[in-house]
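Since the structure comes first, as structure tokens, the remarks are kept for the end.
The values are calculated or read from the model by the stated rules, or taken from the named source; none is laboratory data. Predicted model only: the values in this text are computed from it and were never measured. Here the Cβ is made from the backbone with ideal geometry for all residues, glycine too, and neighbour counts use every protein chain on show. Only protein heavy atoms, including side chains, enter the accessible area calculation; ligands, DNA and RNA are left aside. Shrake-Rupley method; radii C 1.70, N 1.55, O 1.52, S 1.80 Å.
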Amino acid sequence: MTALPLAHCSDEELTCRIKRRAQEAGFDLCGIAPATQPAGLDRLHEWIDRGFDGEMGYLRRRQAAYEHPRHVLPEVRSVIVLGMNYRTAEPTAPAVGIGRVARYAWGSADYHDLLRERMRPLADLLHAERPECRTRAVVDTAPLLERDFARLAGLGWFGKNTMLIHKRLGSWLFLAALLTSAKLDADDPHETTHCGTCTRCLDVCPTEAFPEPGVLDARRCISYLTIELRNQPIPLDLRSGMEDWVFGCDLCQEVCPWNRKAPRSPETAFQPRDDLRPFDLVEWLTISPDEFQQRLQGTPLERPGRAGLLRNALIALGNTGHA
């Protein structure tokens, strides 16, 4: 007797199952976008031409690859865009000798690793239903304009601070994408914006990193200065604007009205560590290199390295004006 071929679900049913599996894996948002040229490609080219990428030379080197997700996965037909809320506790009150760390780095795990692991069940489902398909998981590691595809997948709009904003979850979101050669039913893009005349995110920036709404000059951004600007001093005219930030910056998100009612994340890995919130500047300046590595291993704070983080801590202490 000839074996009958395995019956697989329809594209529509597979799309629904993918979204259910994403929710089960801990993702708060899941949308499907077609594999196409991102609408923000011209903006990216203009942004790089204006030099706003600073020392992030990898963006310029990979500039052509952002043209289409096929440069990440040649056979790609669909882009599954996922969002995970990382809002947990509220920041501690400012105090002399205490540095601030961006919310996304408060926890015990690097979100790159966690999101990539959480996408595995989605990839397994795709391969089970479409054995011939190919997949590739992306978390900030490939030339893909994740926010463009998130908007295309209906997950939100771009705020004036360039962040993706969702009506219910605000902008405290990690984004990830699962590229696949399988054909899935695409969601409707998010065509509207809901920022109105509000400019709070632009006005609050102490280093004036927004030359215009929707455009970020990374060279002046505190997140860039504390994380991406490596092996060199921070420009003198920007040091006072860094205030007490030692890793990243949340100011333009903290003042956003859409973040007022954003829910708290139950994810254990995102809950604040006691030694990162608050961040005792003097303590971190005095611990040994071995202890430094041991305490930060596997967290986002590894990125600037010990030299970079201590440089930031010294500037934050100098900004207190306290002997």
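What's the total number of residues in the range 84-117 that are out of contact with any Asp or Glu (no Cβ under 7 Å at 6 or more places or on another chain) and in a helix (DSSP H, G or I)?
8
L317 - would you say it is out of contact with any Cys (no Cβ under 9 Å at 6 or more places or on another chain) and open to solvent by less than 30 Å² (accessible area, probe 1.4 Å)?
No; evaluated as a whole, the condition is false for this residue.
Which of the following residues is surrounded by 16 or more Cβ atoms within 10 Å (Cβ to Cβ) and farther than 14 Å from P206 by Cα: I222, I227?
Answer to the check: I227.
Please work out if E90 is among the acidic types (D, E) and over 24 Å from N259 (Cα atoms).
The answer is no for E90.
Please count how many residues of the range 299-311 are open to solvent by less than 60 Å² (accessible area, probe 1.4 Å) and farther than 17 Å from W106 by Cα.
Final tally of qualifying residues: 3.
So in the range 270-286, with the set limited to residues that are exposed (fewer than 15 other Cβ atoms within 10 Å of the Cβ) and modelled with pLDDT of 90 or more, which one is farthest from the chain's Cα centre (by Cα)?
Ranking the candidates gives T286 first.
Could you tell me which of the residues A109, A102, A95 is closer than 29 Å to C249 by Cβ, under 19 Å from the mean Cα position of the chain (by Cα) and either aromatic (F, W, Y) or modelled with pLDDT under 95 (or both)?
A109
Name every residue in the range 272-323 that is in a loop (DSSP other than H, G, I, E, B) and under 14 Å from F247 (Cα atoms), in order of residue number.
D275, L276, R277, P278, T299, R303, P304
With respect to H71, is the statement that it is at negative phi and modelled with pLDDT under 95 true?
Taking the combined requirement at face value, the residue does not satisfy it.
Pull up the range 45-62, narrow it to residues that are touching a helix residue (DSSP H, G or I) at 6+ places or on another chain (Cβ under 6 Å) and outside any loop (DSSP other than H, G, I, E, B), then point me to the one that is least open to solvent (accessible area, probe 1.4 Å).
Ranking the candidates gives I48 first.
Among the numbered conditions (1) part of a helix (DSSP H, G or I); (2) within 30 Å of V204 (Cα to Cα); (3) in contact with a helix residue (DSSP H, G or I) (Cβ under 9 Å, 6 or more places away or on another chain), tell me where L122 comes up short.
Result: L122 fails condition (2) only.
Tell me which residues, restricted to the range 287-296, are under 23 Å from P91 (Cα atoms) and surrounded by fewer than 16 Cβ atoms within 10 Å (Cβ to Cβ).
R295
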